[in-house]
Amino acid sequence: MTDFARPAGARVADWEAASRALATGYFPHSMTRTALDADGAVFSSHTLGAIRLARISLGTDVNVRSAHPGGYAVNIPLTGRLVSVTRGTEVTSTVGQATICPPDTDTHITEWHRTCEVLGVAFDRHRLEREAALVLAPGQRLPAQLDLTTPGGAAWRRLVESISAQLDDDPGLLTNPLVADHLAAAVTTALLLAAVPAAAPGDRAPRPRIVTRVLDALHADPARVWTAGDMADCAGVGVRRLQEGFRQHLGRSPSECLLEIRLERAHLDLLGAEPWVTVTDIAQRWGFTHSGRFAAAYRARFGTSPSAALRR
């Protein structure tokens, strides 16, 4: 999601300003007022690693369309109700429920009443789906609605509300990249565990040890010059068998996983770098020997250039 690294924490007090802020601080959208009067709107948004939390109270009746480019949206009504239609399926969420909107797919919120305040959580598509490949059983997907009255759902909502409240009050510590990334990962994993029922015994095919062994090694030393043979030796199998294992259980090759790990490490370093550190320093630290290829891969993954991320 291209704007996730851009902080957005300002509050606004009128409806039109809230609509503009919502487009940049949560998701691009088109919005239509269905009532002439308005009570005033309040909007706040905070970036936390790879997620964004937004409190949205529009103060008038509206309907909204958004394709949620690059990310999943989880909309939690704190008051009132929210009616959304995605791929012809209508979902009505009230207090105690949350609507999960898929990425890059048109969703029409046909009813957002003036009394409805929403706590929205935006998840970067790639990071959430990467975590889902590790946490969920093959074929499991996020549902269209999350029940927040179950033990898992209620715990996830408390976690999100606590983080949101602290970000509104004093975001300092939580927005430190070293803290924010871990919190974002915890919110993401907890969502998956709360939203998707645990597989019955025997239903889930566990990741084979060859995949786990290589992933652990890549995470432990991503800057190493890894060859396909090195990874296969680490797993104790042939290169073809290793490739098959990764494709079957993660949907990616070992080299694609290594690139993702390196990009994540470089991303964190760019956001927290000292003024004298250069993009080349960070790229080389994480095993990128060609600056142009690093810049292209980084832009494809994060939607911005490494130099722009370094200046933030």
> Which value in deg cm²/dmol, rounded to the nearest 500, describes the helix-derived mean residue ellipticity at 222 nm for the chain, given -39,500 (n - 2.57) per DSSP H run of n ≥ 4 and division by the residue count?
Replying inline: -13500 deg cm²/dmol
> Dipole of the range 74-145, Cα-centred, from +1 at each Lys and Arg C-beta and -1 at each Asp and Glu C-beta, to the nearest 20 debye?
Replying inline: 100
>> Suppose every Lys and Arg Cβ carries +1 and every Asp and Glu Cβ carries -1, with no other charges. What dipole size does the chain come out with about its Cα centre, to the nearest 20 debye?
In response: 860
> How much FRET efficiency would the formula 1/(1 + (r/R0)^6) give for E244 and T105, where r is the Cβ-Cβ distance and R0 is 25 Å, rounded to 0.05?
Replying inline: 0.20
> In terms of the Cα gyration tensor, with a ≥ b ≥ c the square roots of its eigenvalues, is the range 145-265 rounded because a/c is under 1.5, prolate because a/b exceeds b/c, or oblate?
Replying inline: oblate
> Which whole-number percentage describes the relative contact order of the range 15-163, with Cα contacts under 8 Å and a sequence gap of 6 or more?
Replying inline: 23
> If R0 is 45 Å, what FRET efficiency do you get for S30 and R209 from their C-beta distance, rounded to 0.05?
Replying inline: 0.35
> Over the Cα atoms of the range 53-129, what is the Rg over Rh ratio if Rh follows Kirkwood?
Replying inline: 0.95
>> Averaging the inverse of every distinct alpha carbon separation and then flipping it gives the Kirkwood radius. What is it for the range 198-312, in angstrom units?
In response: 15.5
>> Can you compute log10 of I(q)/I(0) for the chain with the Debye formula, treating each Cα as one identical point scatterer, at q = 0.14 Å⁻¹?
In response: -1.12
> What part of the accessible area of the chain, given as a whole %, is carbon or sulfur when the probe is 1.4 angstrom?
Replying inline: 53
>> Please compute the alpha carbon radius of gyration of the range 95-190, then divide it by the globular-protein estimate 2.2 N^0.38 Å. Two decimals is fine.
In response: 1.18
>> Quick check: pseudo-label points 7 Å beyond the Cα along Cα→Cβ at D281 and T92, how many nm apart are they?
In response: 5.8
> How would you classify the range 29-173 from its alpha-carbon gyration tensor, with a ≥ b ≥ c the square roots of the eigenvalues: rounded for a/c under 1.5, else prolate if a/b is greater than b/c, otherwise oblate?
Replying inline: oblate
> Per 5 Å bin, what percent of the C-alpha pairs of the range 90-132 does each bin hold, from zero upward?
Replying inline: 5, 15, 25, 25, 17, 9, 3, 0
> Rolling a 1.4 angstrom probe over the protein heavy atoms, how many square angstrom per residue are accessible across the chain?
Replying inline: 47
> Rounded if a/c is under 1.5, else prolate if a/b beats b/c, else oblate: with a ≥ b ≥ c from the C-alpha gyration tensor eigenvalues square-rooted, which is the range 272-312?
Replying inline: oblate
> For L178 and A308, FRET efficiency with R0 = 22 Å and r from the beta-carbon atoms, rounded to 0.05?
Replying inline: 0.60
>> How many angstrom lie between the Cα centre of the range 94-112 and the Cα centre of the range 20-35?
In response: 14
> Cβ under 14 Å from L148's Cβ, L148 left aside: what net charge do those residues give with Lys, Arg +1 and Asp, Glu -1?
Replying inline: +1
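The values are calculated or read from the model by the stated rules, or taken from the named source; none is laboratory data. This is a predicted model, so every value here is computed, not measured. No Cβ is skipped: glycine too gets one built from the backbone with ideal geometry, and neighbour counts run over all protein chains shown. Side chains included, ligands, DNA and RNA excluded: accessible areas come from the protein's heavy atoms. Shrake-Rupley method; radii C 1.70, N 1.55, O 1.52, S 1.80 Å.
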